[in-house]
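Chemist: Take this structure, written in structure tokens, and hold onto it; I'll ask about it next.
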Amino acid sequence: MQQLGRAARAAAAVLALAPTERKDAALRAAAAAIRERSAAILEANARDVADAGARDMAASLIDRLKLDGARVEGIAKGLEDVAALPDPIGTVMAEWDRPNGLRIARVRVPLGVIGIVYESRPNVTADAGGLCLKSGNACILRGGSDSFESSRAIIACMRDGLRVAGLPEDAIQLVPTTDRAAVGIMLTMVDDIDVIIPRGGKSLIQRVAAESRIPVIKHLDGICHVYVDAAADPAKARDIVLNAKMRRTSVCGAAETLLVDRSVSETVLPAVLDALIAAGCEVRGDEATRRIDGRAVPATAADWDTEYLDAIISVRVVDGVDAAIEHVNRHGSHHTDSIVTEDAAAAEKFLSQVDSAIVLLNASTQFADGGEFGMGAEIGISTGKLHARGPVGAEQLTSYKYQVRGTGQVRP
């Protein structure tokens, strides 16, 4: 781990000064290598999936782990999308002149070396490496043991891209062991790592937050809500809820709780529940929901605080937008929440008062994704409020410094 850290620090010094053209060339070369080695990546992934199946991993987690040709192409395309983004490094965020003649500029700079700890999803290997590269940061990646073979195959392509572009291969490194002790060591490497970003389940995030001696950008669980307001369009409500829950149940932007205004619960909710149940979703409802549809099973107090990552949704009937906002702010994880309504006043109240990183109007929570935001990719959705919030893309992996230009001024 110390060798990884020293190598990353040396690579970061080079990468911080690398021209945009060379970084973009490395990203495009990595994308080409991923396409060329698609079969090898899929073979490595098949070994990971087979091992996960032998250990009786949950189907939703296997879905996160599994790659196919389309997903491999998506990984390559994501790197090309990152290459096409503006380079944040060197951007002048603000500048001004002082009465004494000093010219002050606030300029974006890399964070340095970023340690990323994540679970299951092999695409994070490419997303994280690509975004760190674009933002001039070296990275040390510690992927989950579940995706170890897949990540090794992808990281080889990323390092080939760096080599082709004449950049240090050690700008992107993978911890070469699945031993959990490596994570503990990583969290203490204050001289070699500037920021830690964990991406995974609650237990991983809690461990990193508790043990890290390095600043952490946290990606917490996604207890996401859709609130169907009294002024909702019924067809929009049905389509948005169905997509938010069932498009991919294993992603952090999947809706876990549906809230419906009491005044429209008996007219709007039946069609929504029909669509969910027909799609194979289990409904756990409060008493009002179960009176409307007897197929719903009773929701417990724990359901309102649960991230299912599965075809399960909890449903509650509430008394208006204020009650919906209170429920979301109390039970949500400050990740992503949506309101369905044609009432502009209700929409603005929800958008301004729900304390989440992403708040949507008349749109599925599954848009909680850096790619959908035009960021090319993301390392995760930060639910904290310091440094970065929402999708963490290349720009969010930067800091800034002040450049002050004078003409001989001395302070009296």
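The values are calculated or read from the model by the stated rules, or taken from the named source; none is laboratory data. Please read these numbers as outputs of a predicted model, since none were measured by experiment. Note that each Cβ is placed from the backbone with ideal geometry, even for glycine, and that neighbours are counted across all protein chains shown.
Chemist: Do we find that VAL392 is farther than 30 Å from MET57 by Cβ and crowded, with 17+ Cβ neighbours inside 10 Å in this structure?
Modeler: Here the answer is no, as VAL392 does not meet what is asked.
Chemist: When you check ALA76 against the structure, is it buried (at least 16 other Cβ atoms within 10 Å of the Cβ), in contact with a Gly (Cβ under 7 Å, 6 or more places away or on another chain) and part of a helix (DSSP H, G or I), yes or no?
Modeler: Judged against the criteria, ALA76 is not a match.
Chemist: For the range 155-174, does any single residue satisfy the condition of being within 12 Å of GLY5 (Cα to Cα), of a type in the set (A, V, I, L, M) and assigned to a helix (DSSP H, G or I)? Break it down into steps so the answer makes sense when it comes.
Modeler: So the first thing to find is which residues in the range 155-174 are within 12 Å of GLY5 (Cα to Cα), and the list is 170-174.
Going one step further and asking which of them are of a type in the set (A, V, I, L, M), we end up with 171-172, 174.
Imposing the further condition that a residue be assigned to a helix (DSSP H, G or I) reduces the set to 171.
Yes: one or more hits.
Chemist: Just the residues that are of a type outside the set (S, T, N, Q) and either farther than 17 Å from GLY130 by Cβ or not in a helix (DSSP H, G or I) (or both), please, taken from the range 1-13.
Modeler: Once the filter is applied, which keeps residues that are of a type outside the set (S, T, N, Q) and either farther than 17 Å from GLY130 by Cβ or not in a helix (DSSP H, G or I) (or both), the range 1-13 yields MET1, LEU4, GLY5, ARG6, ALA7, ARG9, ALA10, ALA13.
The rows are residues; the columns are (1) outside any loop (DSSP other than H, G, I, E, B); (2) under 21 Å from GLU378 (Cα atoms).
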position: LYS23; (1), (2): yes, yes
position: ARG35; (1), (2): yes, yes
position: ALA39; (1), (2): yes, no
position: VAL49; (1), (2): yes, no
position: ARG64; (1), (2): yes, yes
position: LEU67; (1), (2): no, yes
position: ARG71; (1), (2): yes, yes
position: ASP81; (1), (2): yes, yes
position: PRO88; (1), (2): no, yes
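Chemist: I'm trying to understand the selection: among the residues of the range 181-212, which are under 20 Å from SER333 (Cα atoms) and of a type in the set (S, T, N, Q)?
Modeler: SER203, GLN206
Residue-by-condition table, conditions (1) of a type in the set (Val, Ile, Thr); (2) under 19 Å from the mean Cα position of the chain (by Cα); (3) modelled with pLDDT of 95 or more:
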| site | (1), (2), (3) |
| --- | --- |
| ILE89 | yes, no, yes |
| VAL92 | yes, no, yes |
| ASP97 | no, no, yes |
| GLY101 | no, no, yes |
| ARG108 | no, no, yes |
| GLY115 | no, yes, yes |
| ASN123 | no, yes, no |
| GLY130 | no, yes, yes |
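Chemist: How many residues, within the range 56-96, are among the charged types (D, E, K, R) and more than 21 Å from PHE148 (Cβ to Cβ)?
Modeler: So the count comes out to 6.
Chemist: Might you let me know whether the range 89-99 holds any residue that is buried (at least 22 other Cβ atoms within 10 Å of the Cβ) and assigned by TED's automatic domain parsing to the domain that holds ASP146?
Modeler: To start, the set of residues in the range 89-99 that are buried (at least 22 other Cβ atoms within 10 Å of the Cβ) comprises 89.
Still in the list and also assigned by TED's automatic domain parsing to the domain that holds ASP146: 89.
So far as the range 89-99 goes, yes, one or more of its residues are buried (at least 22 other Cβ atoms within 10 Å of the Cβ) and assigned by TED's automatic domain parsing to the domain that holds ASP146.
Conditions tested, residue by residue: (1) under 22 Å from ILE114 (Cβ atoms); (2) of a type in the set (Gly, Ala, Ser); (3) surrounded by fewer than 21 Cβ atoms within 10 Å (Cβ to Cβ); (4) touching a strand residue (DSSP E or B) at 6+ places or on another chain (Cβ under 8 Å).
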site: VAL321; (1), (2), (3), (4): no, no, no, yes
site: PHE373; (1), (2), (3), (4): yes, no, yes, yes
site: GLN403; (1), (2), (3), (4): no, no, yes, yes
site: VAL410; (1), (2), (3), (4): no, no, yes, no
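Chemist: Now for a separate question. Among (1) over 20 Å from the mean Cα position of the chain (by Cα); (2) modelled with pLDDT of 95 or more, there is one condition MET57 misses while meeting the rest; what is its number?
Modeler: (2)
Chemist: Which residues, taken from the range 119-142, are in a helix (DSSP H, G or I) and surrounded by fewer than 24 Cβ atoms within 10 Å (Cβ to Cβ)?
Modeler: ASN123
Chemist: Related question: Among the residues that make up the range 232-243, is at least one of them assigned by TED's automatic domain parsing to the domain that holds ILE313, touching a residue at least 12 places away in the same chain (Cβ under 8 Å), over 27 Å from LEU133 (Cα atoms) and under 19 Å from the mean Cα position of the chain (by Cα)?
Modeler: Yes.
Chemist: Within the range 274-288, work out how many residues are within 24 Å of ALA347 (Cβ to Cβ) and either buried (at least 21 other Cβ atoms within 10 Å of the Cβ) or not assigned by TED's automatic domain parsing to the domain that holds VAL315 (or both).
Modeler: 1
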